[in-house]
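The next block holds one structure in the form of structure tokens; read it before the comments.
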Amino acid sequence: MNGAADGIRAVLIAGPTASGKSALAVAIARRFGGTVVNADSMQVYADLRTLTARPMAEEEAVVPHQLYGHVDGAVNHSAMRYAADIATVLAELAQSGSLPVIVGGTGLYFKALTEGFSAIPPVPEAVRTAFRERVGDQETGSLHAELCALDPVMGERLRPSDRMRIMRALEVKIATGRSLASFQGERRPGPLDGMPLLKLFVSPEREEVRRRIDARFETMMAQGALAEVAALRDRRLDPLLPVMRAHGVPGLIAHLDGAMGLDEAIARGQADTRAYAKRQMTWFRHQMPDWQAVAPEAALEGALRALAPAG
């Protein structure tokens, strides 16, 4: 496959936000004639190129990129849809002989790729819309009581304050007549399940990640993130959609609405992103123990050595 080590079907690069993993992916793809494939749940959206740190057009011109910015913000994207999309991309890359270099910070996407995912059917948009219109601003505790009545198993599993997961469980129950728990026990294989892979976890020093996050948020603001969020706000989308909860979006919308100063909105976006990076590091270390942890400065050399053809 374009000079990569025999047998390696794909390179997977995970890590916290602002860890330098995207630059690593581009370098590997350039060296081996590969294609960079997104595994970040926010970078799939077309609406937030700057604020989600999607590759810029000039970066995408260096090597092919796939699954970036291909989903409209009005869509509630899921790991199941991601798995279906990337299965198509991987089949195309296998035909062309291009090495997939899959990079991102969404651990569930990597889990879906390598271990499969629960066979939960998609909730029809009409059902979702009708449910959310009915729910409106109903208190989360009341929603949890409704879930306990309709689906006692999930009602027991979920915290009474976990509004998003409670709503998800209710939607599945209403749409299918089955408990979400019954689907979670049924798994479909992932598109890379059982294949030989190079799996890298970019693991920088925590203080360096914090510094990079704060600096990058300032850079994104200088590059037009506020105008990007203003355009998203003008669409008047459901505030519970993932794109509306991207790091920085709630605070910047509050600023645009006159409810928060710009400095406070920026500080909130930085703090939310730092907290997310901390959760990512913890999740990856516990959920992906078989991945090779690499420091950012040594990652490229280690990857090239692992991918070098024998002999």
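Every number here is computed from the coordinates shown, using simple stated rules; none is lab data. Small disclaimer: the values here were computed from a predicted structure and weren't measured. With ideal geometry, Cβ positions are generated from the backbone for all residues, glycine too; neighbour counts draw on all protein chains shown.
Key figures for this structure:
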{"read-out": "Listed residues V172, V127, P196: farthest to the positive end of the dipole of the chain (Cβ charges)", "value": "P196"}
{"read-out": "Electrostatic dipole magnitude of segment 113-166 [Cβ: Lys, Arg +1; Asp, Glu -1; Cα centre; debye, to 20]", "value": "40"}
{"read-out": "Partners for K21 among lysines (Cα-Cα distance below 24 Å; same-chain residues under 8 apart left out)", "value": "K111, K199, K278"}
{"read-out": "Proportion of all alpha-carbon pairs of the chain beyond 31 Å (%)", "value": "35"}
{"read-out": "Cα-centred dipole magnitude for the chain, charges only on beta-carbon of K, R (+1) and D, E (-1), debye, nearest 20", "value": "540"}
{"read-out": "Rule-of-thumb Rg ratio for segment 125-185 [Cα; 2.2 N^0.38 Å; N residues]", "value": "1.02"}
{"read-out": "Integer Hz, Karplus 6.51/-1.76/1.60 couplings in order for segment 85-91, x for Gly and Pro", "value": "5, 6, 4, 5, 4, 4, 5"}
{"read-out": "Set of segment 247-269 residues, backbone N closer than 14 Å to the point 7 Å along the Cα-Cβ line of E218", "value": "263, 266-267"}
{"read-out": "Cut-off under 5 Å, modelled amide H: who pairs with L12 long-range", "value": "I102, L198, K199, L200"}
{"read-out": "Phi to ³J(HN,Hα) by Karplus 6.51 cos²θ - 1.76 cosθ + 1.60 over segment 142-147, Hz, x for Gly, Pro", "value": "5, 5, 5, 5, 5, 5"}
{"read-out": "Stretch gain in nm, segment D137-K111, where the contour uses 0.36 nm per residue and the Cα spacing is subtracted", "value": "6.0 nm"}
{"read-out": "Two-decimal Rg/Rh across segment 1-155, once Rg and the Kirkwood Rh are taken from alpha-carbon atoms", "value": "1.07"}
{"read-out": "Charge dipole of segment 33-134 about the Cα centre (unit charges at C-beta), most positive-ward option of I102, A83, Y68", "value": "A83"}
{"read-out": "Sites matching GluC sites (Glu not before Pro) across segment 249-305 that sit in DSSP coil, with at most 16 neighbouring C-beta atoms within 10 Å", "value": "none"}
{"read-out": "Förster-model FRET efficiency, 30 Å R0, A91 and A181, C-beta, rounded to 0.05", "value": "0.40"}
